[in-house]
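What follows is a short report on a single structure.
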Amino acid sequence: TQLLEQSPQFLSIQEGENLTVYCNSSSVFSSLQWYRQEPGEGPVLLVTVVTGGEVKKLKRLTFQFGDARKDSSLHITAAQPGDTGLYLCAGAMGRRALTFGSGTRLQVQP
Amino acid sequence: NAGVTQTPKFRILKIGQSMTLQCTQDMNHNYMYWYRQDPGMGLKLIYYSVGAGITDKGEVPNGYNVSRSTTEDFPLRLELAAPSQTSVYFCASSYSTSSSGNTIYFGEGSWLTVV
């Protein structure tokens with residue numbers, strides 16, 4: 001059983017389109033992080049959200065933490081081929097190590 | 001800037017063989033982790049350590065062992081390799097627990113195939 005469910009699993013879109021990736025759980029997290037992973041490399045942190053309802057923007061990427069701290073979303077505006085990669089959400093609970101979601105593989109076609 | 005360094009990058013093992021994946025970090029981080037990532041999937045925690053001399057099991061510890069004799073090093077040992085252990089292994093480290101939003105830094109991964 002996956003503690004963090006991500007949807008969709010795969011997404012193939014054209015350059016310039018908008019998209020949203022979701023990360024859902026029945027558990028409450030003290031913070032939630034989003035990572036991007038490119039082929040042959042380790043995940044790289046994009047953002048950390050810690051407050052329920054928090055919204056953070058990173059250029060064309062908007063991250064939101066749910067009010068109840070059980071879910072999060074990542075919205076990309078005007079996607080570019082450079083956004084292609086595996087997007088992973090990861091939740092922290094107390095002193096435990098991070099729990100990762102199953103990932104969303106994004107392909108942006110030029 | 002070294003960060004988290006893993007070796008080897010690639011390895012093919014025969015069933016029943018043993019090997020150690022090495023991991024070292026030069027950021028003086030207390031926390032270190034080993035994750036495995038199966039094709040197209042997220043990361044699953046194998047073992048982690050909150051400091052030298054302290055290790056704890058993660059989600060999928062069976063078939064693996066770790067030690068943390070120094071702050072810098074956190075080797076992962078496979079004693080009797082099985083095909084189910086074919087995966088990409090990532091070592092990672094962080095200054096403190098991730099609940100406070102600390103960044104986790106990952107190595108580049110070790111591709112292991114058991115045949």
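Remarks
Residue-by-condition table, conditions (1) among the hydroxyl-bearing types (Ser, Thr, Tyr); (2) within 15 Å of the chain's Cα centre (by Cα); (3) at pLDDT below 90:
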{"position": "A:Glu5", "(1), (2), (3)": "no, yes, no"}
{"position": "A:Gln9", "(1), (2), (3)": "no, yes, no"}
{"position": "A:Val21", "(1), (2), (3)": "no, yes, no"}
{"position": "A:Asn24", "(1), (2), (3)": "no, yes, no"}
{"position": "A:Gln33", "(1), (2), (3)": "no, yes, no"}
{"position": "A:Gly40", "(1), (2), (3)": "no, no, yes"}
{"position": "A:Gly53", "(1), (2), (3)": "no, no, no"}
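- B:Asp38 vs. criteria among the charged types (D, E, K, R), closer than 28 Å to A:Ser7 by Cα and touching a residue at least 12 places away in the same chain (Cβ under 8 Å): yes
- Checked against (1) touching a helix residue (DSSP H, G or I) at 6+ places or on another chain (Cβ under 9 Å); (2) part of a strand (DSSP E or B), A:Leu11 meets all criteria but (1).
- Selection of segment B:81-115 for residues being more than 10 Å from chain A (Cβ to nearest Cβ), open to solvent by 60 Å² or more (accessible area, probe 1.4 Å) and part of a loop (DSSP other than H, G, I, E, B) yields B:Tyr95, B:Val115.
Conditions tested, residue by residue: (1) free of Cβ contacts under 8 Å to residues at least 24 places away in the same chain; (2) open to solvent by 20 Å² or more (accessible area, probe 1.4 Å); (3) out of contact with any Leu (no Cβ under 6 Å at 6 or more places or on another chain); (4) over 25 Å from B:Ser93 (Cα atoms).
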{"position": "A:Ser12", "(1), (2), (3), (4)": "no, yes, yes, yes"}
{"position": "A:Glu17", "(1), (2), (3), (4)": "no, yes, yes, yes"}
{"position": "A:Phe29", "(1), (2), (3), (4)": "no, no, yes, no"}
{"position": "A:Tyr35", "(1), (2), (3), (4)": "no, no, no, no"}
{"position": "A:Gly40", "(1), (2), (3), (4)": "yes, yes, yes, no"}
{"position": "A:Phe63", "(1), (2), (3), (4)": "no, no, no, no"}
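- Condition met for A:Gly94 (modelled with pLDDT under 90 and either open to solvent by 10 Å² or more (accessible area, probe 1.4 Å) or away from chain B (no Cβ under 12 Å) (or both)): yes
- Residue match in segment B:14-21 (condition: within 14 Å of chain A (Cβ to nearest Cβ), buried (at least 16 other Cβ atoms within 10 Å of the Cβ) and touching a strand residue (DSSP E or B) at 6+ places or on another chain (Cβ under 9 Å)): yes
- Single residue of A:Val55, A:Val108, A:Val47 found to be closer than 25 Å to B:Val4 by Cα and more than 9 Å from every other protein chain (Cβ to nearest Cβ): A:Val47
- Enumeration of residues in segment B:32-57 that are closer than 15 Å to A:Leu98 by Cα, surrounded by fewer than 21 Cβ atoms within 10 Å (Cβ to Cβ) and at the interface with chain A (Cβ under 10 Å from one of its Cβ atoms): B:Lys44, B:Val50, B:Asp56
- Residues being over 20 Å from A:Ser12 (Cβ atoms) and within 14 Å of another protein chain (Cβ to nearest Cβ) - total across segment A:59-88: 4
- Qualifying residue in segment B:67-80 (condition: in a strand (DSSP E or B), closer than 23 Å to A:Gly91 by Cα, open to solvent by 40 Å² or more (accessible area, probe 1.4 Å) and charged (D, E, K, R)): no
The values are calculated or read from the model by the stated rules, or taken from the named source; none is laboratory data. If you're wondering where the values come from, they're calculated on a predicted model, not measured in any experiment. All Cβ positions, even for glycine, are placed from backbone atoms using ideal geometry, and neighbour counts span all protein chains on display. Keep in mind that these areas ignore ligands, DNA and RNA; they rest on the heavy atoms of the full protein, side chains included. Shrake-Rupley method; radii C 1.70, N 1.55, O 1.52, S 1.80 Å.
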